[in-house]
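Undergrad: Could you have a look at this structure, given as structure tokens, before my questions?
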Amino acid sequence: MTDSAKPLSRSEREARIKDKAGWVITVLAALLAINTMIGGGNSSKILNNTITASNAWAFFQAKSIKQTAYEIASVQAADAGNQIIAEKYAAKAASYDSDPATGEGKKELMAKARALDAERAEAKERSPWFTYAGSAFQIAIVLLTASILSVSDRLFQASAVVGAFGALLMSQALWLWLPWGA
């Protein structure tokens with residue numbers, strides 16, 4: 001019987017697993033940190049876009065109320081026979097529809113709010129994938145630790161599969177390449 005055919009002792013198997021697992025834990029921990037950082041930024045984007053879109057819609061609503069008030073005032077002035085004031089109020093009412101110079105007309109505010117709503121919807125679609133990926137990375141790290149303690153190649157292999165699955169989930173969070181939502 002040659003030396004290479006001789007079964008490894010527990011301490012030799014343990015050293016071999018520790019060496020492999022140490023590198024894999026480092027990679028998974030780095031991926032977990034990156035996933036957490038990007039996922040946190042995604043959560044902030046959801047919150048910021050919700051607040052900014054709500055503000056834009058509130059401003060849109062305020063412009064609509066002012067526009068309606070000027071339209072009513074224009075009709076009342078015309079009914080009272082004051083055509084000059086009626087035209088002035090009608091022009092003011094019309095000015096609320098669009099104001100490209102300031103970007104604060106109703107059309108511009110609606111476009112801004114809808115764009116923010118769309119960005120928020122996409123960020124919300126990404127959000128659960130970051131959570132799933134983070135959980136998979138944590139489970140893979142736990143399995144790696146257990147593989148070291150139990151000197152088990154099967155647990156090491158299982159952790160590698162779970163870690164690869166976590167990387168797949170993280171790629172979905174980043175690029176939304178799979179056709180289904182979370």
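Undergrad: Restricting attention to region 60-68, does a residue exist that is surrounded by 16 or more Cβ atoms within 10 Å (Cβ to Cβ) and basic (Lys, Arg)?
TA: Scanning region 60-68 turns up at least one residue that is surrounded by 16 or more Cβ atoms within 10 Å (Cβ to Cβ) and basic (Lys, Arg).
Undergrad: Can you work out which of the residues in region 1-48 that are polar (S, T, N, Q) and assigned to a helix (DSSP H, G or I) is modelled with the lowest pLDDT?
TA: Here the answer is Ser11.
Undergrad: When the residues of region 77-95 are narrowed to those that are surrounded by 16 or more Cβ atoms within 10 Å (Cβ to Cβ) and among the aliphatic types (A, V, I, L, M), which ends up nearest to Lys112 (Cα to Cα)?
TA: Only one residue tops the list, namely Ala93.
Undergrad: Among Ser147, Ser127, Ser159, Ser135, which is over 15 Å from Lys18 (Cα atoms), of a type in the set (Ser, Thr, Tyr) and either touching a residue at least 40 places away in the same chain (Cβ under 8 Å) or not in a helix (DSSP H, G or I) (or both)?
TA: Ser127
Undergrad: While we're on this one: Keeping to region 123-163, report how many residues are buried (at least 17 other Cβ atoms within 10 Å of the Cβ), of a type in the set (A, V, I, L, M) and under 15 Å from Val27 (Cα atoms).
TA: Number satisfying all stated conditions: 9.
Undergrad: All but one of (1) surrounded by fewer than 15 Cβ atoms within 10 Å (Cβ to Cβ); (2) under 30 Å from Ser159 (Cβ atoms) hold for Ser44; state the number of the condition that does not hold.
TA: Answer for Ser44: the failing condition is (2).
Undergrad: Mind listing whichever residues of region 107-121 are farther than 26 Å from Ala93 by Cβ and surrounded by 15 or more Cβ atoms within 10 Å (Cβ to Cβ)?
TA: Leu116, Asp117, Glu119, Arg120
Undergrad: So Ser74 fits all but one of (1) touching a Gly at 6+ places or on another chain (Cβ under 8 Å); (2) more than 30 Å from Ala146 (Cα to Cα); (3) surrounded by 14 or more Cβ atoms within 10 Å (Cβ to Cβ); (4) at pLDDT 95 or above; what number is the exception?
TA: (1)
The values are calculated or read from the model by the stated rules, or taken from the named source; none is laboratory data. Quick caveat: nothing in here was measured; it's all calculated off a predicted structure. Every residue, glycine as well, gets a Cβ built from its backbone with ideal geometry; the counts of neighbours run over all protein chains shown.
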